[in-house]
Amino acid sequence: MSNSSDYFRNKVWYIINTIQANQLFVHSANLKVRYSENQMLFVSKTRRSKKKSSKKKKTRKLITKNLPEILTICVLNTLIPNSAMLLVGGHGGGKTSIVKYLGRMFTGMTLDEAEECIIRGHPQLTEEKIIATLNIKKLMKDGEEEVIWRTFSSNFWKIIDEVNRCSPYTQNILLSLLAEGKIKYYDSVLNVSKYCLFGTLNPNDVGTFEMSAPFLDRFGISVPISMPKSQDLAVILESQDEKLGGYDELIQVPQVLSEEQLLSIWYEVSTIICSKEAENFIHAIIREYTLCERVDKGNSDYLKPSSGLCSGCHFNVPNKVPCSNSDSILSVRVAKDLLRYSRALTWLLGLKEVSVNIVLTVAPYVISHRVIYLERALNKDPYWGSKYEFTKNILEMVLKRFHNRVEAYDIIDKFREGKGNETEREKLELMARNDLIVRIDLLPLAESLSNPEYIDIVNEINESTQQKNITQISTLRRRLLQEMDFPNRGELIARLNGILRVLTLNTYNSSMELWNSIRFTIDGLIPQFSAKLKETTLNRGTYRLRTEDLDMEINVTGIHESDIVNFSFYGGDSAENLKEAIEKQHKNAFKSMDDLIEESKIAREKVENEFGLSNIEVSENIKEEEYFDDEIYD
């Protein structure tokens, strides 16, 4: 990872440590994270010396970190784009307060401004109170419908307090925001392309409404907040009484990052690599919850495990096979969220790639609020109705079955490479007797990959890749885009895109001032990008531009001259021509990411000084390794 990743990561750890040190949120619940030593980007001196003294050991040490559970999950939600999170717990647990503190430290808003971002859930909450209202004076005088957007709608940081007290009508309004990223009021449309949303939920409150499955599915992650333990209460009672003097926003709750810097973090997190094993594990989680030998659980209204669907089924072993424990399925959105939050945790810990253990760590928080479990299983000892604990148990089943299925995944990889044979197909048939994923997914896939046409094109792809023949790879990709009935077409296209990305990816970082010049170079070669390129100078956000031969991503953190723009592209001949043009005309103008961050910081400080504000920096004496010391959270 780049130095800029280290810089931003240190800032995020500074936020976590500051909240704990200043006792802004006190809770002793821990999030246990395990990962192997070889996943780390750096190893502390102590650990290196231990490693040297045990060279004969072949196995890698599994490191365990205990992080503050609630605070860490809230931070993960902040580290990914357009995220939405539920904090579930009784009143007085500090749910709303912790979100306000994070809003202050991650974006620089004051605590009063964070308060203005909150909408309080209640049955009489109307569209006018959430979204916008009309300028009555102008309407009465001139007959014009001028829309005045509410702070909740227009602000980057959004908080919904007691979301389950919102009526179904209000939930539909919020669903539109979460689903489309746009808000419509009369004939005006507000584009909410970048936001970070938190919702609090008190399940025992009176006057609440049932939250629909599609609405809950829009919340990517959730965390249970129990009441503090005795040792937590002792710390809370000894801390400063905020009712007396409030909090010092320069020392106790300082601004550490800006919205623009947070967008840069979003971009870095999105580039984290996911291992093939972790990808397969994500697939396994989704399918273990979803598959049924008898019906399509997602489209079955009456036949469900709770109504006797599983009676007499070979796979009805609730303590070993997950499928009979839930009436609901997991959507594709869950798979995406598992990857997004796993990337965020991987980035935060400074690891090389997403691993199975990282996915297993975040999965209970991504899944539990979205699933309808069988009450007879959920409410018994030792779970007593805790969906989080029950989900962890289900995931342990999934993990065990995943490890038993490793050989099947290896066989499928051989078929993907055009090297599978009849003996290996028969092995899959044998495994399919006791594994629904092998029976319904992997075995039919192996049979389709045995097609001679598929084997021929895989051999062409492998040969072109070895020769780094970009023109041939692009030609094969265009051919597959046109042949709709080609076996395993989607995966082959994705594979070719990945190969082109590896061989031709070009990544640049620039200031907005330089980007304003570069975009005209791009415009000259690819005129169809013109309108979107202009939009990148007017609104911050992430833009994806595509032609048949080129894929470009532009991340705009802000529209001021010193704000950072990250852009990358890959593809065939168009990508090569664009690279030559950019480097010919702008090569000497590019600066390192560290220089860009420094220039952006100086520009921001200049603006803050004009308003008499000071910026709180992480101490230069704090080294990154200290954040990962085993004893900090143990």
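The values are calculated or read from the model by the stated rules, or taken from the named source; none is laboratory data. All of these numbers come straight from a predicted model, not from anything done at the bench. Glycine gets a Cβ as well: all are built from the backbone with ideal geometry, and neighbour counts include every protein chain shown. All accessible areas refer to the heavy atoms of the entire protein, side chains included, with ligands and DNA or RNA removed. Shrake-Rupley method; radii C 1.70, N 1.55, O 1.52, S 1.80 Å.
Under 16 Å from a point 7 Å along the Cα-to-Cβ line of residue 466: which residues of region 411-443 have their amide N that close? Answer for this model: 417-419.
Of the chymotrypsin sites (Phe, Trp or Tyr not before Pro) found in region 361-466, those that fall in a DSSP loop while having at most 14 other beta-carbon atoms within 10 Å are 384.
Here the dipole of the chain is about 1860 debye; that uses its Cα centre as origin and unit charges on the Cβ of Lys and Arg (positive) and Asp and Glu (negative). Per residue, the solvent-accessible area of the chain (1.4 Å probe, heavy atoms of protein chains only, all protein chains present) comes to 48 Å².
Among the listed pairs 100/606; 194/532; 194/606; 32/392, which have their C-alpha atoms separated by more than 22 angstrom in this model?
Values: 100/606 26 Å; 194/532 17 Å; 194/606 25 Å; 32/392 12 Å.
With Cα atoms farther than 22 Å apart: 100/606; 194/606.
Relative protection proxy for 320-327, 578-585, 276-283, from highest mean packing down: 320-327, 276-283, 578-585 (other beta-carbon atoms within 10 angstrom). Which of the GluC sites (Glu not before Pro) found in region 421-530 are in a DSSP loop and have at most 14 neighbouring Cβ atoms, other than their own, within 10 Å? The qualifying sites are 483. Packing, taken as the mean count of other beta carbons within 10 Å per residue, orders the peptides 431-444, 73-86 from highest to lowest as 73-86, 431-444.
Measuring r between the beta carbons of residue 273 and residue 175 and using R0 = 25 Å, the FRET efficiency lands at 0.15.
Ligands, DNA and RNA aside, residue 366 has an accessible area near 0 Å² when probed at 1.4 Å.
Of 122, 403, 586, the order by accessible heavy-atom surface (1.4 Å probe, DNA, RNA and ligands excluded), from most exposed downward, is 403, 122, 586.
Of interest is the spacing of the C-alpha centroids, which for region 428-481 and region 247-273 amounts to 42 Å. Global size of region 452-500: 9.8, 28 Å for Rg and Dmax (C-alpha atoms, Rg to one decimal, Dmax whole).
Provide the gained length on full extension for the span residue 485 to residue 295, in nm with one decimal, where the gain is 0.36 nm per separating residue minus the Cα-Cα distance.
65.7 nm
Ligands, DNA and RNA excluded, the heavy atoms of residue 545 present near 10 Å² of accessible surface to a 1.4 Å solvent probe. Using a probe of 1.4 Å, the accessible surface attributed to residue 371 totals some 0 Å² when neighbouring protein chains are kept in position. Full extension of the segment from residue 205 to residue 538, taken as 0.36 nm per residue of separation minus the current Cα-Cα distance, would add 115.5 nm.
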